[in-house]
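A.B. asks: Sharing a structure below in structure tokens format, with a few things to ask.
Nothing in this text is a laboratory measurement; each read-out follows from the coordinates by a stated rule. These figures come from a predicted structure and were not determined experimentally. No Cβ is skipped: glycine too gets one built from the backbone with ideal geometry, and neighbour counts run over all protein chains shown.
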Amino acid sequence: MKQYLKLDEWKIIEDQFHPEYNEITESIFSLGNGRMGQRGSFEETYSGKSLQGNYVAGVYYPDKTRVGWWKNGYPEYFAKVLNAANWNGLEIKIGDEIVDLNHCKINAFYRELNMKEGYILRTCSINLASGKSIEIKSIRLNSMADDESGAISYQVKALNFTDTIQVKAFVDGDIKNKDSNYDEKFWDEVQVGASENTSFVWSKTKKTGFEVVTGQQIQLKLNDKKLSIDAQTATREKYSELNYQIPVQEGDTLTIFKYAVNLSSENHPKDDLLTRAQAYLKRISQKGFEKMLEEQAAAWAAKWAINDIVIKGDVSAQQGIRFNIFQLNQTYTGADDRLNIGPKGFTGEKYGGSTYWDTEAYCIPFYLSTAPQEVSKNLLIYRWKQLDRAIENAGKLGFNQGAALYPMVTMNGEECHNEWEITFEEIHRNGAIAYAIKDYVDYTNDRKHLVEYGWEVLIGIARFWAQRVNWSENQQKYVMLGVTGPNEYENNVNNNFYTNYFAVWCLKYTLEVLKEIQENYPNEAKDKLSKTSFVSSEIEQFQHIIQNMYFPRDEKRGIYLQQDGFLDKVIAPVDTIPAGQRPINQNWSWDRILRSCYIKQADVLQGMYFFENDFTKDEIERNYDFYEPLTVHESSLSPCVHNILAAKLGKEDKSYEFYTRAARLDLDDYNNDTEDGCHITSMAGTWMSIVKGFGGMTLVDHQLNFDPFLPKQWNEYAFKINFRANQLAIKIHKQGIEIENLSEQPITLQVKGKSYTIAGNSKQAI
């Protein structure tokens, strides 16, 4: 763990420069607005360790998969989230000396991520080698109000000299990804240009042909006076710059306002990109930086009014949850059903792809409760639109008759993961996609979604499961061979409990939906059944599998086994691993990991989290007590599941421990990997840790239930949720529980097993 950042309820603060952690800080200080984003790197030259990253939503590169032995069905490419043109670059010279924090004496340094208003602020006082001293103050934002733009206010104050400040403001499209093979670059130039105080780089991705115009416009101010001077311009391949030379006196402050846009061919006609980019730049520069900053604060205030969680008595916990919510809101706004929630968002390139099962399993509950209904629906429609690709994907593996295997990782519906054991074996992702349909429909009561979209996805997934199992003469049961469960530290296993259980549940739910749509939407259902070529014999097939699925179990311990043969491993708790060998994925060979009993993330327990009502409390506790001590939590997705289960079992201290790990996973760099980017999708799990864990929120028979407790480290906590036509404010404190209905209509709910009806626009203490 690294605890160099200061605690604050609304800010992430670095109050002295830590060059050894700079890439971690860049990840944490990332900015985004759903359309574009960037890592929190410096504007000026920095020759030290840094990962410069700028990203445009929906833009990717299909890097050719290279394997020595090709396997049928193996993905043809690994999709890279592309590092795009660097728009925030500034080169500052004092006389002929370049300002480079890696080669300066830093007298004072302060950097903050203001989560309340959505910007980065940095101040520093430095001495150059010549002895000249300057103060820098920069503010940067990615606009929520104008979501294809960003802006910078960059001040340089001359403390002890009279000289010329040279400013080079540039757009650099000649960049590469950190994970490029052989330093390959993925962008070609379409056009570059510079005139007066504006320049641009127009780039086009290789293979995919996405086009992006990245433009900048510069305004200057000396002290309080606007400078009306035109830049000296220069261009080269994939690069444009604006140059200024400004004489300054001791005590003068030069302010550089840099306005930038990223316009993509995903959102604009290619022929109009440059014209629209120039008009966009003109509009936001006329608006001015202060106005953009005001609009940014207002946009974030509107978001926080809905999805803030307030914690009193624990600043560390407060900072952690707000950081998680902040990053989620930066990553995905729900405005475009072509987009999804990448595991690193706009904070890094690791993992590639934009869509994992994380979206359905972790993110949808967050958006269901904190955003308009259309946001979650768009995430489901995203999968529905890719159903044909899922059917094609299953076909590559030999499945037919409309069986669908959704990809583990995708940008456009095609599988683009390049690890064999993930691509072929980690098929449980189908289950999470089906579960998300039920989650959405039950929560919103949008039952028609089942016949409009849900049925087609469900029957495709159900057909996959029905073909993926096989009848074992030995067991006289259906079995599922050669899979990988959520615990990716065991590959190619037989009868993974989680996968088998989800397969059965999917088949059951598909039959339930069939009955519902036939009864409630007979005409639409008839059309959908015809479209999907559904035949009644499939009902008997599904039911036979449901009734005869094999689940590995140890009767002596009263637990389900992760898979066949799990107890053949040497069983020893995590705390027996020698000091200095964790995380094991950075210290052990893969062979050693696979042979060990150690679990990367919840597996059996993940299933019990999803299907809590299928198991008794004693069953859950026996499985929890066995598996939790074996879990190393080296997946960001693991702590929140354990938090929620621990809360339900009354293990309050353990639940809080897992919340802390989830909330501060990146802030404290628990897994030594934050430098690659933040764990965006698991951040929704942190929200669940409070609302579903501590708050005990569940949905039973179309009614909200709460069974909250107050962690002893806190004085109170409060959150808001949307539920159908209601918005509720929930507060848990030492005196009890308060629920306020912020809507016009009444709502009936359960709190600690008792029913309460709360009138519209009223509050009730419980």
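A.B. asks: How do 312-323, 641-652 rank on mean C-beta neighbours within 10 Å, highest first? Kindly include the intermediate steps, with their values, before the conclusion.
C.D. replies: Numbers: 312-323: 20.7, 641-652: 23.1.
Going from most to least packed, we get 641-652, 312-323.
A.B. asks: Helix 522-531 against the longest principal axis of the chain: what's the angle in degrees, Cα atoms only, rounded to the nearest 10?
C.D. replies: Once rounded, the angle reads 80 degrees.
A.B. asks: Rounding to the nearest 10 and keeping the result within 0 to 90°, find how far the Cα-based axis of helix 373-385 lies from the longest principal axis of the chain.
C.D. replies: The two axes meet at around 70 degrees.
A.B. asks: Calculate one ³J(HN,Hα) per residue across the stretch 459-476 by plugging θ = phi - 60° into the Karplus curve 6.51 cos²θ - 1.76 cosθ + 1.60, and present them in order as whole Hz with x for glycine and proline.
C.D. replies: Computed from phi, the couplings for the stretch 459-476 are 5, x, 5, 4, 5, 4, 4, 5, 8, 6, 7, 9, 7, 9, 5, 5, 7, 6 Hz.
A.B. asks: Check which residues have an amide H placed less than 5 Å from residue 478's amide H, if you skip close sequence neighbours.
C.D. replies: When sequence neighbours closer than 5 places are left aside, the close amide H contacts are 472, 549, 550.
A.B. asks: Then there is this: Find, among the chymotrypsin sites (Phe, Trp or Tyr not before Pro) in the stretch 635-685, those assigned to loop by DSSP (not H, G, I, E, B) with at most 12 other beta-carbon atoms within 10 angstrom.
C.D. replies: none
A.B. asks: If you take every DSSP beta bridge whose two residues both sit in the chain, what share of them, in percent to the nearest 5, is antiparallel?
C.D. replies: Numbers: 140 of 144 bridges.
Approximately 95 percent, going by the DSSP bridge assignments.
A.B. asks: Starting from the amide H of residue 727, placed 1.01 Å from N in the peptide plane, find each other amide H under 5 Å away whose residue is 5 or more places distant or on another chain.
C.D. replies: Correct list: 742, 743.
A.B. asks: Pairs of Cα atoms under 8 Å, at least six residues apart: use those to get the relative contact order of the chain, whole percent. Could you put the intermediate results ahead of the total?
C.D. replies: Values: 1672 pairs, mean separation 91.9, N = 766.
After rounding, I find 12 percent.
A.B. asks: Holding the Cα-Cα limit at 23 Å, pick out from 176/344; 157/225; 396/515; 93/137 the pairs that are longer than that. Before the final figure, lay out each step's value.
C.D. replies: Details: 176/344 17 Å; 157/225 14 Å; 396/515 31 Å; 93/137 16 Å.
Among 176/344; 157/225; 396/515; 93/137, the Cα-Cα distance tops 23 Å for 396/515.
A.B. asks: Tell me, in nm to one decimal, what length is gained between residue 444 and residue 725 on full extension, where the rule is 0.36 nm per residue of separation less the Cα-Cα distance?
C.D. replies: 100.3 nm
A.B. asks: Where the centre of each part is set by its Cα atoms, how far does the stretch 725-750 sit from the stretch 178-222, in angstrom?
C.D. replies: Spelled out, the Cα-based centre of one part sits 50 Å from the other.
A.B. asks: Which whole-number percentage describes the relative contact order of the stretch 33-283, with Cα contacts under 8 Å and a sequence gap of 6 or more?
C.D. replies: Value for the stretch 33-283: 18 percent.
A.B. asks: I'd like to compare 570-579, 23-32, 528-537: which one has the highest average count of other Cβ atoms within 10 Å, and what's the full order after that?
C.D. replies: 23-32, 528-537, 570-579
A.B. asks: For the stretch 546-553, take each phi angle, set θ = phi - 60°, evaluate the Karplus expression 6.51 cos²θ - 1.76 cosθ + 1.60, and give the result in whole Hz per residue in order, putting x for glycine and proline.
C.D. replies: Once rounded to whole Hz, the list reads 4, 7, 10, 7, 8, 10, x, 8.
A.B. asks: Given H placed on each backbone N at 1.01 Å, which residues far from residue 599 in sequence or on other chains put an amide H within less than 5 Å of it?
C.D. replies: Answer set, sorted by chain and number: 631, 632.
A.B. asks: Hey, got the dipole for the chain? About the Cα centre, +1 on K and R Cβ, -1 on D and E Cβ, debye to the nearest 20?
C.D. replies: The dipole of the chain has a size of about 640 debye.
A.B. asks: Mind checking the angle between helix 273-287 and the chain's longest principal axis? C-alpha axes, 0 to 90 degrees, to the nearest 10.
C.D. replies: 70
A.B. asks: Please sort 745-753, 256-264, 348-356, 280-288 by packing, taking for each peptide the average over its residues of neighbouring beta carbons within 10 angstrom, highest first.
C.D. replies: Numbers: 745-753: 14.4, 256-264: 26.1, 348-356: 24.0, 280-288: 17.6.
So the peptides 745-753, 256-264, 348-356, 280-288, ranked by packing, come out 256-264, 348-356, 280-288, 745-753.
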